[in-house]
Each structure stands twice: as structure tokens, then as C-alpha cells.
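Asks: One structure coming up, written as C-alpha cells, with questions to follow.
The values are calculated or read from the model by the stated rules, or taken from the named source; none is laboratory data. Since we're looking at a predicted model, the values are computed, not measured. With ideal geometry, Cβ positions are generated from the backbone for all residues, glycine too; neighbour counts draw on all protein chains shown. Keep in mind that these areas ignore ligands, DNA and RNA; they rest on the heavy atoms of the full protein, side chains included. Shrake-Rupley method; radii C 1.70, N 1.55, O 1.52, S 1.80 Å.
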Amino acid sequence: MTADEGIRDEDLTAYLDGEADRDMSARVERALASDPALAARLAALNIDRAALARDAEHLLSAAPHSPSLAANSARQIRVLALAATILLGAVLGAGTLLLVGPMTGLQEWRDFAAAYHRLYVAETLAPLPVAPEARSVELERVGTAVGRQLKPAAGHPVLTLRRAQILGHDTRAIAHLAYSSKDGVPIALCVVAITGTAHSLVMGDRAGISTAEWADGTHQFILIGAVPETDLRAAARYFIEAV
Amino acid sequence: MISRKRGEGEIRAEITQSYNRLWRYCVGLTGCRDQADDLAQRTALRGLERSGHYQAGTSPRAWLFTIARRLWLNDLKAEAVRRGSGRVPVDETDLQDLGPPPETNIFVGEVFRAIGKLPASQRETVMLVYVEGLRYRDAAAVLDVPIGTVMSRLAAARKRISETLGEERD
């Protein structure tokens, strides 16, 4: 009976890595003392972990900086709140900063999304190219960030997708898809991963702009645009089905 | 409620303080600097977004590695579907080896370079255990395999690396 019967390479590996239990360690050591074949097997498994650690350490220094996270979300909230303030001030006239209506209730992500969208004008989207391949790559990246297949969002019958980007609110990623209508009016579809109660289409307004909202239990959606309610409702239908 | 905040805090801290380790793990997965940059960013974003699912006081690093891995596997699947006629490999290990080989010189140093030559499933196990220092049990959790699989991959990797280095020296 050979001493190393029943000791597999996996056991020797665990032994080398300090992961073998006491019984196995004892067996290996006993067998090593008496069986040269086992020693040869151990040698075949040998690697210089110290050298590996040193090599791997060097790779660390090639790493890029982390994306600035904490700064981003707090800053974005401030920027959006400021944007809404400026817009409202402009509409009402300088010096009239009402803190009622669109400004209050800026608590949840959809309020911020609507306030942000109020900054969009036709000129914002005009310079953006419409190349389908670029859209596809963007949609994939943005879709991954919110855990939703967004490729169908490029296929709207009347709205033209101009850009897909990732915004953030608190710690949430918001998929922000910017469209232009046939008349060049900017329309935005925003998607966030939020589990909760599903609800069918609700028309309303937030931050002083028309919205169409729905949720399917895993995600919340909002379509925003300064267009008549019937048009916005009709535009929402495609997304509700396809996305 | 409190532990949710704590969990989020741990994830934020891990991302800001140990982003280089997350990135290095992404290099191990993708074998490509650009893809690693992108994967690490998406992982950080997704990790923060889902930090409510992280159990405070466990391992933020292992948790983020799991996310990176899942995102990467999704990328591979999407790429496989795009390239082949919708036929996706059933086996995850087949899927991993559909990716391109690692970019030249990304794994610098004799031993590390040998790791770059391993099949993807062995390489990612080695990255977790020998580079990141995870225990077998924690690596098994990240990889979603039994501990026995971790052990057999490491044994196979050790043999291969040892052979590769032996050849290079001759």
C-alpha cells in the first residue's frame, strides 16, 4: 500500500495554501516523510506565490482613479435643485423665487428628472449625431447600469433617440434617454431600477412640465416633455410595450 | 434601516479606497485594460446602486467582485449572441474562453504572465485566491461553485504554471 493513496493533488494544493484541515495536514506530512513520489508531486505543484504577489502589486499602480461617487450624487442633487430654481425664477421674473409649486416636493428622483429636463431645448440635442451603431453601444451600457434591456428604446415610431446617458440620484443610476420629436421638441425617457408596486400609465406634471409615468414592479419609468398630454400619452404607449 | 446605511457606507468606502483592487480583478477577468476600465466603472456604479442588498459586516470586496463577474459574464453572453447565430454556450466555462486572449504585456512578471496563459476559469480562481488572498470558501462564493471546484482549478493552475515556467527556463 503506497503512502500517498488517497492524497489527491487537490489535497496537496490545500495543504500548500494552508487550507487543509488538521487531519489532512497530518496525513500529508506523514506521507511526505516516507514517499518520494509524493514529494515529486508536491514539487510539480509548486509556484512562487511571493513572486506572484509582487508582480500583482505592480499592476495595482496602473489602476485608474475611482469615479468620484459621494461627490457626484450630492452635487447632482444640488445642481438639479439649482437648475429648477433658476428656471422657475426666469419664468416668474427676477426676484420672484416662489418656493411653492414646482420647487417644493423635489424629493424623489422623478422630480429631479423633470426639473433637469426643463433645461433641455431643441438646440441641446441639435448637435448630437444620430448614428445607430453608437446608439446601440450607449444603450447597452446604460441598460446595464439600470438592469434593463434598453435596445428597443431606439425603435420609437415618432421619437428620434439622440443620446443615452447615465445620471444619478442618491445612489441610484438613472437611465436618461433624450429624444427629439418631429418638431424638435426634446422628450426624455428615464428609467430607474426600483422594486415596488406596479402601476399603469399615469399622466401628470412635475416641476412644471408634463409627465407620463408607469412602473412594472422592477423598474419605474417617466416620459417627460413640453407637449400636449394626448401626444405624450401616445408616445408612452410604445415604451410601455417595448421596453 | 441603520444597517442599510452602514452597508452602503462600506461599499462606498471599498470603492473609493480599494478601487485599484477592483480594477485589477477586472483585468484578471477581461485580460484587457480598456475593458477593465469600463467594467470596473460599471461595477462601482451597480454596486452603489444595489448597496441595499449588501449585508453589512460581510465582505464588500468579495461582493463587488461578484458583481463585476456577473456583469462580465453578461457581456460575454451578449457578445456570443451577437457573433454566433443566437447559440449561446450552455457551460459558463466555455463562455469564458470565447473571449479574446489577454492583451500582451498586461500581466507583467514571469509568474503573472504564466497566469495570463491559463484558461479563464483557472485564471479567475487564481486571481481571487492567490492575488487577492481570498479563502477557498469566499472564492467559492464569488465564483458560485463548490469548494471542491476551487481546489481542483487551483491544483490544475499550479501544475500548468509550474510547467510553463519550467519550459521557459529551459
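Asks: Determine the shape class of segment A:182-243: with a ≥ b ≥ c the square roots of the Cα gyration tensor eigenvalues, call it rounded for a/c under 1.5, and otherwise prolate if a/b is greater than b/c, oblate otherwise.
Replies: Working: a/c = 1.97, a/b = 1.67, b/c = 1.18.
In terms of gyration-tensor shape, prolate.
Asks: In addition: Return the ratio Rg/(2.2 N^0.38 Å) for segment B:94-166, where Rg is computed over Cα atoms only.
Replies: That ratio works out to 1.07.
Asks: To check my understanding: the extent here is largest minus smallest coordinate of the Cα atoms along each principal axis. What are those three numbers for chain B, in Å, largest first?
Replies: Sorted from largest, the Cα extents of chain B read 59, 39, 30 Å.
Asks: Sort B:133-141, A:57-65 by the packing proxy (mean of other Cβ within 10 Å over each peptide's residues), most packed first. Each step should come with its number before you reach the end.
Replies: Numbers: B:133-141: 18.6, A:57-65: 13.7.
My ranking of the peptides, most packed first, is B:133-141, A:57-65.
Asks: Using the Karplus curve 6.51 cos²θ - 1.76 cosθ + 1.60 with θ = phi - 60°, work out ³J(HN,Hα) for each residue of segment A:131-140 in order, rounded to whole Hz, and write x for Gly and Pro.
Replies: Taking θ as phi minus 60°, the curve returns 4, x, 5, 5, 4, 4, 5, 4, 4, 5 Hz for segment A:131-140.
Asks: Pull up the cross-link candidates among the aspartates and glutamates for B:Lys5, meaning alpha carbon to alpha carbon under 16 Å and not fewer than 8 places away within one chain.
Replies: Of all the aspartates and glutamates, those that pass the test against B:Lys5 - Cα under 16 Å, at least 8 places apart if same chain - are A:Asp170, B:Glu14, B:Glu49.
Asks: When the accessible area of segment B:1-81 is computed with all protein chains present and a 1.4 Å probe, what percentage of it is carbon and sulfur? List each step's numbers first, then the result.
Replies: Details: 1700 of 3600 Å².
Carbon and sulfur atoms account for 47 percent of the accessible area of segment B:1-81.
Asks: Dividing the alpha-carbon Rg of segment A:137-215 by 2.2 N^0.38 Å yields what?
Replies: In units of the globular-protein estimate, segment A:137-215 measures up at 1.12.
Asks: What are the ³J(HN,Hα) values, in whole Hz, obtained from phi via the Karplus relation 6.51 cos²θ - 1.76 cosθ + 1.60 with θ = phi - 60°, for each residue of segment A:220-230 in sequence order, with x given for Gly and Pro?
Replies: Each residue's phi maps through the Karplus curve to give 10, 10, 9, 10, 10, x, 7, 9, x, 4, 4 Hz.
Asks: Can you give the accessible area buried between chains A and B, summed over both chains, with a 1.4 Å probe, in Å² to the nearest 100? Intermediate values should be presented prior to the final figure.
Replies: Values: alone 14030 and 9950 Å², together 20270 Å².
Approximately 3700 Å², summed over both chains.
Asks: Per residue of B:144-157, how many C-beta atoms from partner chains lie within 10 Å of its own C-beta, taken as a mean?
Replies: On the way: counts 0, 0, 0, 3, 1, 1, 4, 10, 4, 2, 9, 10, 4, 3.
If you average over the peptide's residues, the count of other-chain Cβ atoms is 4.
Asks: What percent does the relative contact order of chain B come to when contacts are Cα pairs within less than 8 Å and at least six residues apart?
Replies: 21
Asks: Working from Cα positions, state the angle (0 to 90°, nearest 10) between the long axis of helix B:60-83 and the longest principal axis of chain B.
Replies: Helix B:60-83 and the main axis of chain B meet at about 60 degrees.
Asks: Next question. Can you sort B:Trp23, B:Trp63 by 1.4 Å-probe accessible area, starting with the largest?
Replies: Ranked list, largest accessible area first: B:Trp63, B:Trp23.
Asks: Also, quick follow-up: When only Cα pairs under 8 Å and 6 or more residues apart are kept, what is the percent relative contact order across segment A:172-218? Could you put the intermediate results ahead of the total?
Replies: Numbers: 68 pairs, mean separation 14.0, N = 47.
Once normalised by length, the contact order is 30 percent.
Asks: Taking a temperature of 10 °C and a viscosity of 1.306 mPa s, what whole-number D in µm²/s does Stokes-Einstein yield for segment A:97-243 with Rh from Kirkwood over alpha carbon pairs?
Replies: Answer, rounded: 104 µm²/s.
Asks: Using each residue's phi in segment A:54-62, evaluate 6.51 cos²θ - 1.76 cosθ + 1.60 at θ = phi - 60° and report the 3J(HN,Hα) Karplus result to the nearest Hz, with x for Gly and Pro.
Replies: Each residue's phi maps through the Karplus curve to give 5, 4, 5, 4, 4, 5, 4, 6, 8 Hz.
Asks: Per-residue mean of other chain beta-carbon atoms within 10 angstrom of the beta-carbon, peptide B:14-22?
Replies: Values: counts 1, 4, 7, 1, 3, 7, 8, 4, 2.
Partner Cβ neighbours, averaged per residue: 4.
Asks: Counting only other chains, what is the mean number of Cβ atoms within 10 angstrom of the Cβ of each residue in peptide A:43-53? Walk me through the numbers before you get to the answer.
Replies: On the way: counts 1, 6, 8, 5, 14, 5, 6, 1, 5, 10, 5.
Across A:43-53, the average partner-chain Cβ count within 10 Å equals 6.
Asks: Among all the lysines, which ones have a C-alpha under 23 Å from B:Lys77's C-alpha, if same-chain residues fewer than 8 places away are not counted?
Replies: Result set, ordered by chain and number: A:Lys151, B:Lys117.
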